[in-house]
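A.B. asks: Would you mind keeping the following structure in view while I ask a few things?
Derivation of every value follows stated rules applied to the coordinates shown; laboratory data play no part. Being a predicted model, the structure only gives us computed values, none of them experimental. Glycine gets a Cβ as well: all are built from the backbone with ideal geometry, and neighbour counts include every protein chain shown.
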């Protein structure tokens, strides 16, 4: 059986959900917007992966343009908002960027992520993901969503590729 670390050897592309992965899943609702909290360590890892040439995409059911702008500023290639069918969006990204399933790592936390997770080369989740998602994941981060799970899987991938703690790592 191939271990998740062996799967990381082929990864060129990261795709993340937002709520429950890049955030802890809590949303704060005001009169004008929904507020989400992103972890700066996850943000650091995302910008580093992008700077090192990895594709980074977001597929989310959410619709926050302010979150989209922040993620694009970190180097995320595309933020696909209001994705009611994540599998369709995933397929479109694969075609647009000429990607294969084996080179894609996806981190999700709940049922809407399941189809994509079953298709990718490496399916991962935060520690507090839904039981059904944990069951199909190749790797469960020991970190919770919004608390470093994204940083964990990006740093592990970069370590496997010998790109962690290189000179690029020290410039934000």
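A.B. asks: Which percentage, to the nearest 5, of the DSSP beta bridges contained in segment 13-110 is antiparallel?
C.D. replies: 15
A.B. asks: With contacts defined as alpha carbon pairs under 8 Å and 6 or more residues apart, what's the relative contact order of segment 33-172 in percent?
C.D. replies: After rounding, I find 23 percent.
A.B. asks: Enter the per residue convex hull volume of segment 10-170, computed from alpha-carbon coordinates, in Å³ rounded to the nearest integer.
C.D. replies: Taking only Cα atoms, segment 10-170 has a hull volume of 102 Å³ per residue.
A.B. asks: While we're here: Which order results if 117, 107, 87 are arranged by neighbouring Cβ count within 10 Å, fewest first?
C.D. replies: 87, 117, 107
A.B. asks: Moving on. Which value in deg cm²/dmol, rounded to the nearest 500, describes the helix-derived mean residue ellipticity at 222 nm for the chain, given -39,500 (n - 2.57) per DSSP H run of n ≥ 4 and division by the residue count?
C.D. replies: When only DSSP H runs of four or more count, the value is -10000 deg cm²/dmol.
A.B. asks: When the gyration tensor of segment 57-97 is built from Cα positions, what are the square roots of 5 times its three eigenvalues, in whole Å, from largest to smallest? Show your work: numbers first, answer last.
C.D. replies: Details: eigenvalues 63, 35, 5 Å².
After diagonalising the Cα gyration tensor, the semi-axes are 18, 13, 5 Å.
A.B. asks: Here is a follow-up. Going by the alpha-carbon gyration tensor, a ≥ b ≥ c the square roots of its eigenvalues, is segment 87-172 rounded (a/c under 1.5) or, if a/c is not under 1.5, prolate (a/b greater than b/c) versus oblate? Please report the intermediate quantities before stating the final value.
C.D. replies: Values: a/c = 2.20, a/b = 1.22, b/c = 1.80.
Oblate.
A.B. asks: Antiparallel versus total DSSP beta bridges in the chain: what percent is that, nearest 5?
C.D. replies: Roughly 10 percent of the beta bridges in the chain run antiparallel, per DSSP.
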